[in-house]
Every structure is written in C-alpha cells, then in structure tokens.
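Asker: Mind looking over this structure? Questions follow.
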Amino acid sequence: MMKKLLCIWCMMMNCCVTIAQQQTPSPLIIYANTYQQGLYHSFREFQTNAPSENGNLVIKDRSSAAQMYLLADKNQLVIRDGAGERKVKDYWGYCDGQNLYVHDNGLNKIIETGYYCIYYQQRMQPAARSYNPTAMTTGPMNVSVQLYKVINITTGEILELSAYNLKKYILPQDPELLQEFRTDKEKKDKLLYYVRRFNQRNHPVI
C-alpha cells in the first residue's frame with residue numbers, strides 16, 4: 001500500500017513540475033511585451049532582452065559621400081554625457097525602447113522577430129574600376145549592395161538569406177516545409193515567405 005501511495009505521489013510531483021515548466025515564460029526577446037532600452041554588448045543580452053548599458057544613446061547617419069568613397073558604415077551609435085560625445089565600440093546591438101537593431105556594417109533595424117529574426121542591410125563595396133576620360137585616370141567604383149540577413153534566436157548565428165542557406169541550414173528543422181521548398185519552382189523569389197512560414201510553424205524556447 002505504501003509503495004502504491006509513493007508511486008502516486010511521485011507521478012503527481014512529476015506532473016506538477018511539467019505544468020510549471022510549461023507555464024514559465026521563455027526569456028527570449030521575441031516573446032517580450034516590451035523591449036528594454038539600452039546597449040547589447042553580446043548576443044545573449046539581445047536574446048534575453050537584457051541590455052547591460054544605458055544612457056543618452058543616439059544613432060547618427062553618415063553622409064552618402066562617406067559611404068560611397070570611404071566605404072564607411074551607413075551610421076554609427078554615439079553616447080552623449082558630460083564629457084561630450086563619443087562613438088560606441090565593440091557592441092552587438094541596440095534597442096531604443098521600440099525598435100531592435102543589430103550592429104552589422106552600421107546599425108540595421110530588425111524588421112521581423114521569430115525563430116529567425118530578419119533584417120535588411122544596405123552597404124557599399126568595391127566593384128569594377130572606373131575610367132575618367134577627361135582626367136585620363138582610373139579609380140575604384142563603389143556600388144550599393146542590398147541584401148536580407150537572418151539571426152537564429154537560439155544560437156546567434158547570422159546567415160545571408162539565400163536559397164542555399166534556407167535549404168542547408170534553416171528548413172531541415174522543418175522537413176515538411178523543406179519538401180515544399182524543394183518542389184517550389186518559384187522558390188528563389190519567395191525566400192522571405194519561407195522564413196516567415198518557418199517562424200509561424202516553429203516556436204523556440206531556451
């Protein structure tokens with residue numbers, strides 16, 4: 001009789017622990033009702049909505065000329081205090097209380113959160129050399145490059161959004177969606193669609 005009661009008690013305790021775990025909210029930022037304002041020095045701080053530094057932080061855009069000819073980042077984050085204004089260095093990202101930004105060739109706004117957070121990046125990079133017939137000189141021609149990137153909210157891995165990366169790294173976690181992607185003849189024009197579908201079907205916890 002005592003053994004039977006002990007077994008019943010153990011089963012009840014296990015059920016209670018399981019229910020408690022299910023009801024405990026995930027610390028992931030993608031489930032947060034509000035974002036904590038401040039500076040993320042690491043991916044972990046971003047992932048858990050826990051910036052480690054705050055202050056009078058301001059995003060300052062760089063001129064088109066600086067971006068074009070110097071290949072400078074499109075913007076920079078500065079902090080203003082009693083000593084004046086100084087550039088912030090060595091950080092992962094930033095939150096202004098409403099929007100999330102990742103530091104990758106300047107600050108890029110995250111346009112969608114989920115298992116894979118999506119952001120849009122625009123940067124300048126060297127291309128072919130140009131020829132100036134008037135001065136009879138050649139010089140580098142820098143071009144604007146536009147692409148989407150995704151952040152795995154569980155690992156922090158950042159991938160360029162491409163058909164290869166979707167098939168190789170993202171969709172294998174969802175075999176049914178991967179099969180749909182493989183048979184889709186228009187998949188190269190629907191990369192964002194498949195990331196969003198994946199986010200809707202998969203809900204990570206840590």
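Asker: Roughly how many Å² of Glu180 are accessible to a 1.4 Å probe, to the nearest 10?
Answerer: 70 Å²
Asker: So, one more: Gain in length, Ala32 to Gln98, computed as 0.36 nm per residue apart minus the alpha-carbon separation, to one decimal in nm?
Answerer: Here the segment from Ala32 to Gln98 would lengthen by 22.6 nm.
Asker: Let me ask something else about it. Place a label point 7 angstrom from the Cα of Arg182 along the Cα-to-Cβ direction, then list the residues of the stretch 145-159 whose backbone nitrogen is under 11 Å away.
Answerer: Backbone N within reach: none found.
Asker: If you don't mind, there's one more thing I want to ask. Straight-line reach from Lys188: which aspartates and glutamates fall under 17 Å, measuring Cα to Cα and dropping same-chain residues less than 8 apart?
Answerer: Straight-distance partners of Lys188: Glu160, Glu180.
The values are calculated or read from the model by the stated rules, or taken from the named source; none is laboratory data. Bear in mind that the values here come from a model prediction, so they are computed numbers and not experimental data. Ideal geometry is used to build each Cβ from the backbone, glycine not excepted, and the neighbour counts take in all protein chains shown. In case anyone asks, the SASA skips ligands and DNA or RNA and just uses the protein heavy atoms, side chains included. Shrake-Rupley method; radii C 1.70, N 1.55, O 1.52, S 1.80 Å.
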